[in-house]
Amino acid sequence: MRSEVIHGDAREVLPSLELQPINCLLTDPPYGVDFQSTYGKNEEDRELYQRKIADDHDVQDAIESFHETMQLVIPRMADECEIYVFSQWQVSPEWQHYLGGLGEHGIELRQLLIWEKGYPGIGDVRYNWGCGHEFIYYLKKGKRPVPYRRSGILHVDKVRPGTNLHPTQKPTALLKILIEYSTNEGDFVFDPYAGSGSTCVAAQETGRIGVGIEIEEQYAKSANARLSQGGLFAL
């Protein structure tokens, strides 16, 4: 199996997709915060960066979409699988409640990690404090040994505006930390909300297999272009 991003809705693609057992699920789903980037120097930029994210309008819709996807993903997990799900503080109670309920599938919500992403950038300037962080929920299935313990606060600069291919693109440096901590070389990393493919690029660059699914065709094409270049221009 090679690293790739498949175009389509994960809920429609997964039933017919043959995958090896998933060792790590690393994903950045719609949070349900109705996010829309304000970046754009010109019309082409605005078309790329200000595009609305599917299923992001309402937190309950976002969680329902994620739940439908997880019902298809969980049976494909290896006996030992580590899971990372990005989110934000505004919808934390709803997401924590949902993820905590995965215990019935043998998946435990173990920790809330904090990604400290540097200067918060342009945002709501009516308030003193900019949001320079995001949440990462860490869940665990099975008893994979812990290589070593480290702080749950991760300091990695965000992708600079204007260099990103997706409005909520995550830096591969951050994703590599998570992947290397929770998998071995040759393991299988899966992302059903692949965006511009950063999870798959990070997996490929660390000697893992990364497969993702992305609903927007343009982003899926960009992701596969990054993978074909061997991560040369990964951010």
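If a residue must be touching a helix residue (DSSP H, G or I) at 6+ places or on another chain (Cβ under 8 Å) and modelled with pLDDT of 95 or more, how many such residues does the range 88-107 contain?
Residues in the range 88-107 being touching a helix residue (DSSP H, G or I) at 6+ places or on another chain (Cβ under 8 Å) and modelled with pLDDT of 95 or more: 6 in total.
Within the range 120-129, is even one residue open to solvent by less than 20 Å² (accessible area, probe 1.4 Å) and either assigned to a loop (DSSP other than H, G, I, E, B) or hydrophobic (A, V, I, L, M, F, W, C) (or both)?
The answer is no; no qualifying residue exists.
Looking at the range 71-87, which of its residues are in contact (Cβ under 8 Å) with a residue 40 or more places away in the chain, farther than 23 Å from Gly132 by Cβ and out of contact with any helix residue (DSSP H, G or I) (no Cβ under 6 Å at 6 or more places or on another chain)?
Across the range 71-87, the qualifying residues are Val73, Arg76, Met77, Ala78, Asp79, Glu80, Cys81, Ile83.
Applying the selection to the range 1-16, what residues are surrounded by 15 or more Cβ atoms within 10 Å (Cβ to Cβ) and closer than 19 Å to Ala78 by Cβ?
If the condition is that a residue be surrounded by 15 or more Cβ atoms within 10 Å (Cβ to Cβ) and closer than 19 Å to Ala78 by Cβ, then Ser3, Ala10, Leu14 are the ones that fit.
Of the conditions (1) on the phi < 0 side of the Ramachandran plot; (2) open to solvent by 40 Å² or more (accessible area, probe 1.4 Å), Val189 clears all except one; give me its number.
(2)
Select from the range 88-107 the residues that are open to solvent by 40 Å² or more (accessible area, probe 1.4 Å) and free of Cβ contacts under 8 Å to residues at least 12 places away in the same chain and list them in ascending order.
Listed by number, the residues that qualify are Pro93, His97, Gly100, Gly103, Glu104.
Kindly list the number of the only condition in (1) closer than 18 Å to Leu19 by Cβ; (2) touching a residue at least 60 places away in the same chain (Cβ under 8 Å); (3) among the charged types (D, E, K, R) that fails for Glu68.
Condition not satisfied by Glu68: (2).
Tell me, yes or no, whether the range 75-87 has at least one residue that is modelled with pLDDT of 95 or more and loosely packed, with under 14 Cβ neighbours inside 10 Å.
Scanning the range 75-87 turns up at least one residue that is modelled with pLDDT of 95 or more and loosely packed, with under 14 Cβ neighbours inside 10 Å.
I'm trying to understand the selection: among the residues of the range 181-235, which are part of a helix (DSSP H, G or I), within 20 Å of Lys140 (Cα to Cα) and free of Cβ contacts under 8 Å to residues at least 24 places away in the same chain?
Selection gives nothing.
Condition check ((1) part of a strand (DSSP E or B); (2) open to solvent by 50 Å² or more (accessible area, probe 1.4 Å); (3) in contact with a strand residue (DSSP E or B) (Cβ under 8 Å, 6 or more places away or on another chain); (4) not small (Gly, Ala, Ser)) across all residues:
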{"position": "Leu109", "(1), (2), (3), (4)": "yes, yes, yes, yes"}
{"position": "Glu134", "(1), (2), (3), (4)": "yes, no, yes, yes"}
{"position": "Leu139", "(1), (2), (3), (4)": "yes, no, yes, yes"}
{"position": "Lys143", "(1), (2), (3), (4)": "no, yes, yes, yes"}
{"position": "Pro147", "(1), (2), (3), (4)": "no, yes, no, yes"}
{"position": "Leu154", "(1), (2), (3), (4)": "yes, no, yes, yes"}
{"position": "Thr168", "(1), (2), (3), (4)": "no, no, no, yes"}
{"position": "Ala173", "(1), (2), (3), (4)": "no, yes, no, no"}
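Select from the range 175-186 the residues that are open to solvent by less than 30 Å² (accessible area, probe 1.4 Å) and out of contact with any helix residue (DSSP H, G or I) (no Cβ under 7 Å at 6 or more places or on another chain) and list them in ascending order.
Within the range 175-186, Leu178, Ser182, Thr183 meet the criteria.
Just one of (1) open to solvent by 20 Å² or more (accessible area, probe 1.4 Å); (2) modelled with pLDDT of 60 or more trips up Asp34, so point out which.
Failing condition for Asp34: (2).
Could you count how many residues in the range 161-189 are out of contact with any Cys (no Cβ under 9 Å at 6 or more places or on another chain), over 19 Å from Ala225 (Cβ atoms) and among the charged types (D, E, K, R)?
Total meeting the criteria: 3.
The values are calculated or read from the model by the stated rules, or taken from the named source; none is laboratory data. All figures in this text were calculated on a predicted structure; none of them were measured in a lab. Heads up, the Cβs are rebuilt from the backbone with ideal geometry, glycines too, and the neighbour counts pull from every protein chain shown. Remember, those area values only see protein heavy atoms, side chains included, never the ligands or the DNA or RNA. Shrake-Rupley method; radii C 1.70, N 1.55, O 1.52, S 1.80 Å.
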